[in-house]
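Engineer: Have a look at this one before I ask anything.
The values are calculated or read from the model by the stated rules, or taken from the named source; none is laboratory data. All of these numbers come straight from a predicted model, not from anything done at the bench. Ideal geometry is used to build each Cβ from the backbone, glycine not excepted, and the neighbour counts take in all protein chains shown. Note: areas computed on protein heavy atoms with side chains; ligands, DNA, RNA excluded. Shrake-Rupley method; radii C 1.70, N 1.55, O 1.52, S 1.80 Å.
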Amino acid sequence: MHHPVVIIGGGPSGLLLAQLLHKRGIESLVLERKTKAHVLGRIRAGVLEQGLVALLEEAGCAARLHREGFVHDGTCIAYGDEMFRLDFTEHTGTPVIVYGQTEVTRDLYEAREAAGGPIAFEVEDVVIHGAETDSPHVTYTKHGESHRVSCDFIAGCDGFHGVSRQTIPLSVRREYEKVYPFGWLGVLSETPPVYPELIYANSPRGFALCSMRNDHLSRYYIQCSLSDAPGDWSDAAFWQELKRRLPADIAGRLVTGPSIEKSIAPLRSFVTEPMRWGRLFLCGDAAHIVPPTGAKGLNTAASDVHYLYTGLRAFYESGSEAGLEAYSEKALARVWKAERFSWWFSSLLHRYPDQSAFDLKMQIAELEFLRANTAAQRAMAENYVGLPY
Ligand code: APR
Ligand code: PHB
């Protein structure tokens, strides 16, 4: 069997790339190790940059997003009982759209199925062969049957725990990592959002975030210990702690209810270089991870997909390899800016075990400066809504 492009990973990166290529008549095969239900069961952040929205529009997958997504012109930042609003549209002319990334993935699956795009679920033992040659192929098994697919290119969209990054020899790869000394305990509840926009809170007890999925589905997070397990936190304990981390007037209006999902995510910054090895191209979480503070995970995967899609289009439409040659350098330039913003925003809002009294003073001074300084607000807004591709 031959496919022009084999895409390993049926998450948002792989599906978006497959759908964009399809729209240009470039067919691909997506290999996904889980079931579709498993992939769609992942609860993920819900803030979309305009660049990602534009790609979804080009992919023909943005109708529901525009119907059901919330346009947010700004966000709020709280510290102690103080809270200020940062207006993205005032500073950049651009809002963000709040729409669950799980819904993005659902819309992409719907589009791939409508187009008859081949997706093999529950594959195992995916192995990339000959990535450094002009005739790579991929082998995998499914239900005990072996398969071999020759291709022109392989897109490694298989996330942090996938096989693609591991295919690049250690002698070639350079990896950069920062592990944060805390996690995020997240709760989904069928309750109205406490506030019409997101609230990022720095409190003496730790970070908290008030987000949403729609008018009657809220998403909340509190910074927690890495030794915590979701079962350690009753709903009542979660709500009480969340309230203690929010300004009193916000806490007073919080509508609580039973959690319909409760999970803990560790925080990590990670980048692997290069993002290309021969005919293998890494996209999204396969190449980089950010702490969720700046909601840059899918939004940075989107710019990877944009660069790779553009390079593949040029190759198939005009024989030019320039875009593919430039892919890794171009993608990494934006990846590192997203890593910086995510690290900076995390450093601003979380309480670190080893923080000194001086460090705490610096955090508050930074928050006060951000509150008062237009240039600082513009810089943050430009990063939050998404730097140009
Ligand atoms: N073979 C096939 N599929 C694999 C393999 C493998 N060996 N390893 C992993 N996968 C699949 C996973 O099951 C998953 O569905 O690859 C997919 C990777 O998807 P994500 O981990 O969501 O990564 P990505 O598509 O890059 O999404 C990036 O989107 O949801 C947001 O914030 C989230 O940062 C994340 C971003
Ligand atoms: C979410 O809604 O899950 C969310 C929003 C913004 C973030 C992180 C997570 O920065």
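Engineer: Enumerate the calculated ³J(HN,Hα) couplings along the range 196-204 in order (Karplus 6.51 cos²θ - 1.76 cosθ + 1.60, θ = phi - 60°), each rounded to whole Hz, writing x wherever the residue is Gly or Pro.
Structural biologist: Once θ is set to phi - 60°, the couplings for the range 196-204 become x, 10, 6, 10, 9, 10, 9, 10, x Hz.
Engineer: Ok, one more. Quick one: order 200, 195 from most to least accessible surface, probe 1.4 Å. Write out the running numbers ahead of the final one.
Structural biologist: Numbers: 200 5, 195 60 Å².
Result of the area sort, largest leading: 195, 200.
Engineer: Still on this structure, I have one more. Taking the dipole about the Cα centre of the chain, with the C-beta of Lys and Arg at +1 and of Asp and Glu at -1, give me whichever of 123, 387, 80 is farthest to the positive side.
Structural biologist: Checked the options; the winner is 80.
Engineer: Can you tell me the relative contact order of the range 44-169? Whole percent, Cα pairs under 8 Å, sequence separation 6 or more. Intermediate values should be presented prior to the final figure.
Structural biologist: Numbers: 146 pairs, mean separation 22.9, N = 126.
Rounded, it is 18 percent for the range 44-169.
Engineer: Give the relative contact order (percent, whole number) for the chain; include only Cα pairs under 8 Å separated by 6+ residues. Walk me through the intermediate numbers first.
Structural biologist: Values: 798 pairs, mean separation 79.3, N = 389.
Answer for the chain is 20 percent.
Engineer: May I pose another question? Which whole-number percent is the relative contact order of the range 141-284 (Cα, under 8 Å, 6+ apart)?
Structural biologist: Details: 238 pairs, mean separation 52.1, N = 144.
In percent, rounded to a whole number, it is 36.
Engineer: Then there's this: Run down the lysines and flag those whose C-alpha is under 24 Å from the C-alpha of residue 142, throwing out any fewer than 8 positions away in its chain.
Structural biologist: Straight-distance partners of residue 142: 34, 36.
Engineer: Among 353, 343, 364, which residue has its Cα furthest toward the positive end of the charge dipole of the range 308-367, with +1 on Lys/Arg Cβ and -1 on Asp/Glu Cβ?
Structural biologist: After comparing all options, I get 364.
Engineer: Per residue, how much accessible area does the range 278-382 have with a 1.4 Å probe, in Å²? All intermediate terms of the calculation are to be shown ahead of the outcome.
Structural biologist: Details: 4230 Å² over 105 residues.
On a per-residue basis, 40 Å².
Engineer: Oh, and also: Quick check: net charge around residue 33, other residues with Cβ under 11 Å of its Cβ, Lys/Arg +1 and Asp/Glu -1?
Structural biologist: Numbers: positive: 34, 142; negative: 32, 122, 124, 125, 158.
Value of the local net charge: -3.
Engineer: Can you pull the accessible area of residue 315 for me, 1.4 Å probe, Å² to the nearest 10?
Structural biologist: 50
Engineer: So which lysines pass the test for residue 337, namely a Cα distance under 28 Å, with those fewer than 8 places away in the same chain ruled out?
Structural biologist: Cross-link targets: 178, 296, 361.
Engineer: Averaging over every viewing direction, what projected area does the convex hull of the Cα atoms of the chain cover, in nm²?
Structural biologist: Working: hull surface 77.8 nm².
Seen from a random direction, the Cα hull of the chain projects 19.5 nm² on average.
Engineer: Leaving ligands, DNA and RNA out of it, report the carbon-plus-sulfur percent of the accessible area of the chain at a 1.4 Å probe.
Structural biologist: Numbers: 8290 of 15780 Å².
In the chain, the share of accessible area belonging to carbon and sulfur is 53 percent.
Engineer: Using the Cα gyration tensor of the range 121-169, with a ≥ b ≥ c the square roots of its eigenvalues, what is the shape: rounded (a/c below 1.5), prolate (a/b larger than b/c) or oblate (neither)? Write out the running numbers ahead of the final one.
Structural biologist: Details: a/c = 2.12, a/b = 1.20, b/c = 1.77.
Oblate, since a/c reaches 1.5 and b/c is not below a/b.
Engineer: Here is a follow-up. At a 10 angstrom cut-off on C-beta neighbours, averaged per residue, how do the peptides 331-343, 15-27, 31-43 rank from highest to lowest?
Structural biologist: Details: 331-343: 19.8, 15-27: 22.5, 31-43: 16.5.
In descending order of packing, they fall as 15-27, 331-343, 31-43.
Engineer: Tell me which of 301, 280, 248 sits at the most positive position along the dipole axis of the range 243-318, charges placed on C-beta atoms (Lys, Arg +1; Asp, Glu -1).
Structural biologist: 248
Engineer: Rounded, prolate or oblate: which fits the range 48-98, taking a ≥ b ≥ c as square roots of the Cα gyration tensor eigenvalues, rounded meaning a/c under 1.5, else prolate when a/b beats b/c?
Structural biologist: Details: a/c = 3.59, a/b = 2.37, b/c = 1.51.
Judged from the Cα gyration tensor, the range 48-98 comes out prolate (a/c at least 1.5, a/b above b/c).
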